[in-house]
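This report refers to the structure that appears directly beneath it.
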Amino acid sequence: MRREPAPNIVLGAIADDFTGATDLANNLVRSGMRTLQVIGVPSAALSLENVDAVVVALKSRSCPAADAIRDSLAALDWLQAQGARQVFFKYCSTFDSTDDGNIGPVADALLDQLGSKQTVMVPAFPINGRTVYQGHLFVGDRLLNDSGMQHHPLNPMRDADLVRVLAGQTSHQVGLLNRATLAKGAPAASAHLSDLQQAGGRHVICDTLDESDLEVIAAAVVEMPLVTGGSGLGQALPAEYRKKGWLSPVENAGRLAPASGAALVLSGSCSRATLGQVEHFLGRHEGLALDPLALAESDAPIEEALNFARARLSGAADGPVLIYASAAPQAVEAAQASLGAARAGELVERALATIAQTLVAEGVGRLLVAGGETSGAVVSALGVGELRIGEQIDPGVPWTQTQVAGREAPLSLALKSGNFGGVDFFTRAFEVLNEQSAAREEGA
Ligand code: ADP
């Protein structure tokens, strides 16, 4: 009798951007799955011992559809080789896509490669105000096309009717699993999905008003080879995996190795939330500002910042200290008027990436980075390929751990995109780490 090899991981996810990947990974951990996030498709073998889910972070949201398909299929190939039981295509809860895709074309390509006939589309994230009713996506109390998303620079969303939006991205039939059916429970939802499939319905937009709708959907789709959606569905699926016996219960899926080394905050985000966090931090700890105009003249400000940090992170002192380019809108506009927005941004990103690389090599072991692009620059300078996801600091932002060259112990890394986090985020993040270490010692 032929025996199927035991799947190595329960869930393999393909996320269309980096912070979206982290958001999903964070929710999976909170629902009890030990999760690894990898940046791009790994080129080397990875140890997946004690890992229940892997999220592959791509940059495939707004690129040409052919590129998004190629990268997503490469990710799927890799996840299949790791024995993923279910595949999850993750996109934004506002269904961010261009006119030509990329949600429809990528979902079609993944279905073809998996040899599967149907998938669901579940973008909703009710706790963040993203709900779907009669196939229409709402952000808070506004329809998607009236929520500000109609002005997005890369993927403006001008239609809230997701059945119609998706029908413009695929030649296959798009159906709807509506709220009235969900209210009857998972068996009714499953029966409706089968009926749709019989009639050729390949993609099914799912209504979702609240968490209980997500639970019904998760129960109805747990056996599907491919599901698609936002991180809300990611929060609901693990309970179904446990019911199936696929997932062994763990005490704390976000448990990381003890953190060690000096603490540094690097901030290149100029969002309102980050500016408040910088100010709050400076009221309690020391920091140094970087000026893009001075960076355009020479590398002297980088040296100055390194020396500032070294003086405060040596001996028994282990921080945190802050190096930041974050500045109020007038200062950003002045720098951009003089240097151009792209060059000002590049100068700051390169400086912060160099500072991260140098100070991690010198003993920084707890690093917090603010800014999406800034995080990308730092992660690539450090050569980070994979992140083990730990406990959440604030919604959507967990501590992570990674192994970097030149450092024996793991590096604790928190990557915060602009508008995330409460005003005390920069200080509380380190308290969360300390609490984790204390709890571990107590438990030991
Ligand atoms: P967010 O997540 O808040 O959007 P990002 O890091 O993605 O933050 O983007 C902020 C951009 O602004 C980066 O490219 C960064 O280099 C740039 N930047 C940071 N500080 C300044 C400044 N003082 N003047 C001009 N540009 C800046």
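Laboratory data are not the source of any read-out in this text; all were calculated from the coordinates shown. Remember, predicted model here, so these are calculated numbers, not experimental data. Using ideal geometry, Cβ is built from the backbone for each residue, glycine included, and neighbour counts are taken over all protein chains shown.
Assign unit charges at the C-beta atoms only (+1 for Lys and Arg, -1 for Asp and Glu), then state the dipole size of the chain relative to its Cα centre in Debye, rounded to the nearest 20.
Taking the Cα centre of the chain as origin, the dipole is about 940 debye.
Restricting the count to DSSP beta bridges whose residues both fall in segment 11-243, what percent are antiparallel, rounded to a multiple of 5?
Taking every DSSP beta bridge within segment 11-243, about 25 percent pair in antiparallel fashion.
For residue 243, which lysines qualify as cross-link partners when the Cα separation must be under 28 Å and same-chain residues fewer than eight apart are set aside?
Residue 243 reaches 90, 117, 184.
Using the Cα centre as the reference, give the magnitude of the dipole from point charges on the C-beta atoms of segment 11-243 (Lys, Arg: +1; Asp, Glu: -1; all else neutral), rounded to the nearest 20 debye.
Around 280 debye, computed over segment 11-243.
Can you tell me the orientation of helix 103-114 relative to the chain, as the angle in degrees between its alpha-carbon axis and the longest Cα principal axis, to the nearest 10?
Relative to the chain, helix 103-114 is tipped by roughly 70 degrees.
Residue farthest toward the positive end of the dipole of segment 171-237, with Cβ of Lys/Arg at +1 and Asp/Glu at -1: which of 181, 200, 229?
Of the options given, the answer is 200.
How much net charge surrounds residue 24 when only other residues with a Cβ under 12 Å from its Cβ are counted (Lys, Arg +1; Asp, Glu -1)?
Once positives and negatives cancel, what remains is -1.
So what's the angle, to the nearest 10 degrees on a 0 to 90 scale, between helix 329-339 and the longest Cα principal axis of the chain?
80
Mean residue ellipticity at 222 nm from the helices of the chain, using -39,500 (n - 2.57) per DSSP H segment of n ≥ 4 over the full residue count, to the nearest 500 deg cm²/dmol?
-13000 deg cm²/dmol
First select every other residue whose beta carbon is under 10 angstrom from the beta carbon of residue 420; then total the charges, Lys and Arg +1, Asp and Glu -1.
Combined, the nearby Lys, Arg, Asp and Glu give -1.
Share of antiparallel DSSP beta bridges in the chain, in percent to the nearest 5?
If I count the DSSP bridges inside the chain, around 30 percent turn out antiparallel.
Taking only Cα atoms, what is the 0 to 90° angle, nearest 10, from helix 372-382's long axis to the longest principal axis of the chain?
70
Mind putting a number on the dipole of segment 262-443 about its Cα centre? Charges go on the C-beta only, +1 for Lys and Arg and -1 for Asp and Glu, and I need it in Debye to the nearest 20.
The calculated dipole for segment 262-443 is roughly 140 debye.
Let a ≥ b ≥ c be the square roots of the eigenvalues of the Cα gyration tensor of segment 11-243; is it rounded (a/c under 1.5), or, if not, prolate (a/b larger than b/c) or oblate?
Cα axes put segment 11-243 in the rounded bin.
Taking every pair of Cα atoms in the chain, average 1/r, invert it to obtain the Kirkwood radius, and report Rg/Rh to two decimals.
0.99
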